[in-house]
């Protein structure tokens, strides 16, 4: 097989049109296509689970959006910490493929069990008497906490769905991609990963709408049409989960054994030198590293910001769509619009922004978008009563317009996340060493993301207890949002300086390695020639 370095070096440069639309060589399809499919199915499940978990919790009896802040702090965060401790131990004991399988499989099994056993028996499993007692004796501001106890099966589903995004999308996929993707490839591959995978939002949103609208064709004798919809949704999640395992196996079997895409010698070396760090050591390492600290601040700031806006919006959404099927249909359409907006952003904005304007400009766009759209949403929430005459003239209601404004804000922020935030964040990991990638990334993406969302949830809990409702706390949330985004922008500016230094160092190391390989190859060739001459008969 030809030397992989020489193959890359001999490739012709792309023309303007191809460099914009398809900067990929034909031989690279063997690596690009399965990675794109892996990302596609992980994000497909993420979309279905995200919309379904919200539908279950928000529309459940005696529940609502007020339950979400309590659930993120007292449910998602503890589970994330427990997962990280287990994952840290497993990463020291298992190979990377075994770690991937052992992490994904429990998720697949849980979502199947939920549809078959937990949801159908939810009424039997509820601690009704205990929760009725709590509801009668606790302050009204703690009704969200009572709701997550009453609907503990839904709460468990919510937690597992949240962890799917952090674990399978951020930790497993991007960790795997960063391990097997070279710096030069990442500049061309990562935008295409996201562009192709975000078609999954369109497909997932369409499937959610179809499954949630099944009630229209069901027999009136069926007492719970939402259960039929849920069964279909979880069936597709389980099937997609097994496809994820199959694609990952194929990549390890046929791509990572190809020297053009992955150096098997480096793979063996990494297995031998895999860092042995505890969970506590991982967190301590992040705090002691300015680079990793800035990355953690960016992830936490995003988590807090998006959570502050989302919960406020979902409280309005529950009032507009109290029925779970109607709520799920709306969320499916929301995912479709988000997918279309993200594809547009990634196709026309992301790749060119990173290539032409640099990492810093691309990384700053997400907080700027959140700032602008968040300001518009909270302005309407606070001053909608003063616009009553205009709203009435438009033939609609303040509630519906609040839902529309919130949807616009969430679509813009999520499309910015998928098209700009995620790619730039993952690019920042590439120049790091293996220890930082494996353990530091695990702590940032799982614990950091959860701390971000839980931090936002904790803020909302305090405000709900003090002010009594989500609507009353909107002005305070708006002010806090802008302060947090300001800190996020400062962290990006600091990280950009460090990123440039790290990239330069990484490229120098790769250049030296290629030079050493070329010299070693030349020396080997000369040695073989000398040996051949020594063995050949002398000319007479």
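The values are calculated or read from the model by the stated rules, or taken from the named source; none is laboratory data. Everything quoted here is computed from the prediction, not taken from an experiment. Cβ sites come from the backbone with ideal geometry, for glycine too, and all protein chains shown count toward neighbours.
How about the range 176-260: which helices (runs of 4 or more DSSP H) wholly inside it have at least 2 residues that are at pLDDT 90 or above and more than 20 Å from residue 43 (Cα to Cα)? If you could, list the steps in order and put the result at the bottom.
Working: elements: 183-197, 199-212, 225-250.
Ranges flagged: 225-250.
Let me confirm something: among 171, 163, which residue is closer than 17 Å to residue 114 by Cα and buried (at least 18 other Cβ atoms within 10 Å of the Cβ)? I'd like the intermediate steps shown before the answer.
Details: 171 fails: closer than 17 Å to residue 114 by Cα.
Criteria check complete, one pass: 163.
Find all pairs meeting these conditions: Cβ atoms under 9 angstrom apart; at least six residues apart or on different chains; first residue within the range 118-145 and on the phi > 0 side of the Ramachandran plot and in contact (Cβ under 8 Å) with a residue 24 or more places away in the chain; second residue outside any helix (DSSP H, G or I) and surrounded by fewer than 15 Cβ atoms within 10 Å (Cβ to Cβ).
Between residues of the range 118-145 that are on the phi > 0 side of the Ramachandran plot and in contact (Cβ under 8 Å) with a residue 24 or more places away in the chain and residues that are outside any helix (DSSP H, G or I) and surrounded by fewer than 15 Cβ atoms within 10 Å (Cβ to Cβ), there is no close pair.
Name the single residue, out of those in the range 470-479 being in contact (Cβ under 8 Å) with a residue 40 or more places away in the chain and surrounded by fewer than 18 Cβ atoms within 10 Å (Cβ to Cβ), that is farthest from residue 299 (Cα to Cα).
Here the residue is 471.
Quick check on this structure: which one of 382, 372 is surrounded by fewer than 18 Cβ atoms within 10 Å (Cβ to Cβ), at pLDDT 85 or above and assigned to a helix (DSSP H, G or I)? Give the derivation first.
On the way: 382 fails: at pLDDT 85 or above.
Checking each option against the conditions leaves just 372.
Might you check whether a residue that is part of a helix (DSSP H, G or I), at pLDDT 75 or above and touching a helix residue (DSSP H, G or I) at 6+ places or on another chain (Cβ under 7 Å) occurs anywhere in the range 518-533?
Within the range 518-533 (the criterion being part of a helix (DSSP H, G or I), at pLDDT 75 or above and touching a helix residue (DSSP H, G or I) at 6+ places or on another chain (Cβ under 7 Å)), the answer is no, since none of the residues qualifies.
Just to confirm my filter: which helices (runs of 4 or more DSSP H) fall fully inside the range 396-497 and include at least 1 residues that are more than 22 Å from the chain's Cα centre (by Cα), at pLDDT 85 or above and within 24 Å of residue 372 (Cβ to Cβ)?
Helices (runs of 4 or more DSSP H) meeting the threshold: 449-467.
Taking residue 24, is it surrounded by 15 or more Cβ atoms within 10 Å (Cβ to Cβ), over 19 Å from the mean Cα position of the chain (by Cα) and at pLDDT below 90? If you could, list the steps in order and put the result at the bottom.
Numbers: surrounded by 15 or more Cβ atoms within 10 Å (Cβ to Cβ): yes; over 19 Å from the mean Cα position of the chain (by Cα): yes; at pLDDT below 90: yes.
Against the criterion (surrounded by 15 or more Cβ atoms within 10 Å (Cβ to Cβ), over 19 Å from the mean Cα position of the chain (by Cα) and at pLDDT below 90), residue 24 qualifies.
What's the total number of residues in the range 318-332 that are modelled with pLDDT under 90 and either surrounded by 24 or more Cβ atoms within 10 Å (Cβ to Cβ) or on the phi > 0 side of the Ramachandran plot (or both)?
0
With respect to residue 283, is the statement that it is within 27 Å of residue 454 (Cα to Cα) and modelled with pLDDT of 80 or more true?
No: the conditions fail for residue 283.
Would you call residue 207 farther than 24 Å from residue 31 by Cα, surrounded by 15 or more Cβ atoms within 10 Å (Cβ to Cβ) and without any contact (Cβ under 8 Å) to a residue 60 or more places away in the chain?
No: the conditions fail for residue 207.
Residues checked against (1) part of a helix (DSSP H, G or I); (2) within 23 Å of residue 325 (Cα to Cα); (3) at pLDDT below 85:
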{"position": "31", "(1), (2), (3)": "yes, no, yes"}
{"position": "37", "(1), (2), (3)": "yes, no, no"}
{"position": "41", "(1), (2), (3)": "yes, no, no"}
{"position": "54", "(1), (2), (3)": "yes, yes, no"}
{"position": "62", "(1), (2), (3)": "no, yes, no"}
{"position": "71", "(1), (2), (3)": "yes, yes, no"}
{"position": "84", "(1), (2), (3)": "yes, no, yes"}
{"position": "89", "(1), (2), (3)": "yes, no, no"}
